[in-house]
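To start, the structure itself, in structure tokens.
The values are calculated or read from the model by the stated rules, or taken from the named source; none is laboratory data. Note that this is a predicted model, so its numbers are computed, not measured. Note that each Cβ is placed from the backbone with ideal geometry, even for glycine, and that neighbours are counted across all protein chains shown.
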Amino acid sequence: MSTETNESILTKGVVAIDDRKLIGKVKDVIIDCDACGVSHYIVSSSSTNSALVLPFEKSLAVGDTFMTIQSRADFLPTTDLTARGALDDNFDLVGLDVYSRAGSHLGVIKGFDIDTTFGGVTKIDLEDGTAFERDTFVFFAPEFVFVDDGAVMDADLRAAVQPLSADQEDDAAPLTEPASVEDAAPEIAEVEAVQVENVEAEVIEEVDEEPEAEEPADEPVEAEEAETDETEVKAEAEVEAQDEESEVEAEAEPETVPEAPEPADEEAPAEEAKADPDAELKDFLRGKKLIERVESQDGAFVAERGDELTDEILAEAQKHDALLLLTMSVDE
């Protein structure tokens, strides 16, 4: 199972396999409240900047850089009612209030995870750091989300003390509960009598167990057994003392712990990716040559045919949102 967050999915470019080109970039995720999962992706076209609606089931896979689809024809026509409804739908999980089954306010959704294989929302994260997994979801609605936080509800308490039905009483084990205190008096007296007898028996046993005066041993056999026991106890004490000395010496000796290799600086690429969301795209374009003239939509950026893409050109293209235009105009 592959998962993405509501933020990481928005960094993915969309590539059509049959068309062999970048179609655009994921702009939004549409959540189906009934299924508690993704129904459509909204893709921003790299050529027209218009919004394209892609049904979830048309995505082939989501990798660390791109989402792949089979063909540009997988997008819904703009005249399609489903596409228009998806574009007009302003529902977003982020910012919704979350409540328990008992109706208590638990917090506000800060983000969520989705399963890109099957489309379900797998986890929601609240602003206070609390997280709820998919098996706790009760329902999603445009106004709020309800989850099961494990709290006991009033209905559960009422069910616990609800009287048994006639059939349940027949199946239940009979209870010997007296009708009144007067009826229970003989039974209580009998129990108290048994408790008194038990206490007296314990006292008698303690008296019987008091040590008697030691009588001198008449038989040499008992003396020999006592000496043997004493010898064995001394031997065991010496063995234990030797074991304790060995343990102390072992603890006193410093252990030679091999120095752990310094971890590779793996955080730098991650920090760079966070600082520049288009870093991977710029790495792909750097050094390539244009096969045609490229101009940004605002006209402020122009790159001529044959220009080699340098960091300066890429930085200027990024300012004017023209990186995606460059990807369709470079040599392979």
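Under the condition of being among the β-branched types (Val, Ile, Thr) and assigned to a strand (DSSP E or B), which residue from segment 17-35 is surrounded by the fewest Cβ atoms within 10 Å (Cβ to Cβ)?
Ile30
In segment 308-320, what residues are crowded, with 16+ Cβ neighbours inside 10 Å and among the acidic types (Asp, Glu)?
Glu316
State all residues of segment 297-321 that are within 42 Å of the chain's Cα centre (by Cα) and closer than 19 Å to Asn49 by Cβ; if no residue qualifies, say none.
Within segment 297-321, Glu316, Ala317, Gln318, Lys319, His320, Asp321 meet the criteria.
Against the definition (assigned to a strand (DSSP E or B), under 24 Å from Val294 (Cβ atoms) and without any contact (Cβ under 8 Å) to a residue 40 or more places away in the chain), how does Val14 come out, yes or no?
no
Tell me whether segment 53-74 contains one or more residues that are part of a loop (DSSP other than H, G, I, E, B), under 25 Å from Asp321 (Cβ atoms) and more than 27 Å from the chain's Cα centre (by Cα).
No; the residues of segment 53-74 include none that is part of a loop (DSSP other than H, G, I, E, B), under 25 Å from Asp321 (Cβ atoms) and more than 27 Å from the chain's Cα centre (by Cα).
When you check Thr256 against the structure, is it among the β-branched types (Val, Ile, Thr) and modelled with pLDDT of 85 or more, yes or no?
no
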